[in-house]
Amino acid sequence: MRVYSRALREPREAFMNIILLGPPGAGKGTQAQYMCETFGFRQVSTGDMLREAIAAGTELGEQVESILSAGDLVPDDVIIRLVLELVKASTTGHLFDGVPRTVAQAEGLREGGVPINLVLEFTLPDQLVVERLGGRRVHPGSGRVYHLQHRPPRSAGVDDVTGEPIVQRPDDREDTVRARLSVYREQTMPLIDYYERAAADGLVRYVRISADDNFAAIREQVESVVRD
Ligand code: AP5
């Protein structure tokens, strides 16, 4: 982990819980990694947890594999259980990356006693989503993320650290990406209204950021919001 001065690392509140909301490919995972490096949050990525379960061949993995391949959502009760189990013994701030994804999941977190301080919504037009996910490659062992044009590995086709192959996620093929975008619009976008209302009632901060910019510019905006 990189070492930052305390003043630089300090988020606004010591145990801040932040939700990263936005369409597939908006850069939530990329920015989550930066924020964890800078502020020491614990990243809670349900997508990564589910892919790990699939890779390990667990019962959960078997249950969800076809759901992820189709770009559909895993049932709310499964997700809520998974997340509450992870955060219950935690003593640090969390960065919720890709969760909640439905109003029912948001209610599940609230009822489970997980306070949310900040919701960061990333916006990105559909055509850029398709371009970003079409070019994304990942190292399955570590989850490191590359992009063929915007963030290529040092040697084509292999991970910078291990030299192992990097691959395209099965759900990053264009037809599945379009299905995920429909799911986002129908099932996840209602959360925008849900959290904007909570913000109007002073229960949470809600900040929208355009993800149509370069890595560093978005990182700078995100960090300034978290420190603000
Ligand atoms: P999940 O893994 O959460 O996928 P997602 O939300 O669709 O998000 P992605 O990981 O695809 O994109 P991202 O926004 O993290 O973008 P990234 O930073 O990689 O979920 C997968 C599946 O699991 C779901 O479809 C569902 O089935 C299931 N699931 C997960 N959570 C669930 C839940 N809560 N409830 C129910 N089901 C759930 O960036 C994308 C690419 O763009 C990369 O190549 C990156 O290098 C590049 N890039 C990033 N930023 C920039 C930039 N500024 N400029 C240029 N390129 C950029």
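The values are calculated or read from the model by the stated rules, or taken from the named source; none is laboratory data. Because the structure is predicted, anything quoted here is derived from the model rather than measured. Heads up, the Cβs are rebuilt from the backbone with ideal geometry, glycines too, and the neighbour counts pull from every protein chain shown. Calculation scope for accessible area: heavy atoms of the full protein, side chains included, ligands and nucleic acids excluded. Shrake-Rupley method; radii C 1.70, N 1.55, O 1.52, S 1.80 Å.
Remark: pairs (first residue in the stretch 203-228, open to solvent by less than 20 Å² (accessible area, probe 1.4 Å); second residue in a helix (DSSP H, G or I) and of a type in the set (V, I, T); Cβ separation under 8 Å; 6+ apart in sequence or on different chains) = I209/I218; I209/V222; I209/V225; A211/I218. The number of residues in the stretch 23-50 being within 12 Å of the ligand (Cβ to nearest atom) and not in a helix (DSSP H, G or I) comes to 8.
Tell me which residues, restricted to the stretch 118-140, are open to solvent by 40 Å² or more (accessible area, probe 1.4 Å) and under 15 Å from L20 (Cα atoms). Across the stretch 118-140, the qualifying residue is only T123. The set of residues from the stretch 82-116 being hydroxyl-bearing (S, T, Y) and open to solvent by 50 Å² or more (accessible area, probe 1.4 Å) comprises just one member, T91. Being part of a helix (DSSP H, G or I), closer than 26 Å to F39 by Cα and among the β-branched types (V, I, T), is that true of even one residue in the stretch 192-204? Scanning the stretch 192-204 turns up at least one residue that is part of a helix (DSSP H, G or I), closer than 26 Å to F39 by Cα and among the β-branched types (V, I, T).
Of all residues in the stretch 90-101, those that are closer than 13 Å to F15 by Cα have Cβ atoms under 9 Å from Cβ atoms of residues that are open to solvent by less than 30 Å² (accessible area, probe 1.4 Å) and at pLDDT below 85, 6 or more apart or on another chain, in G93/P11.
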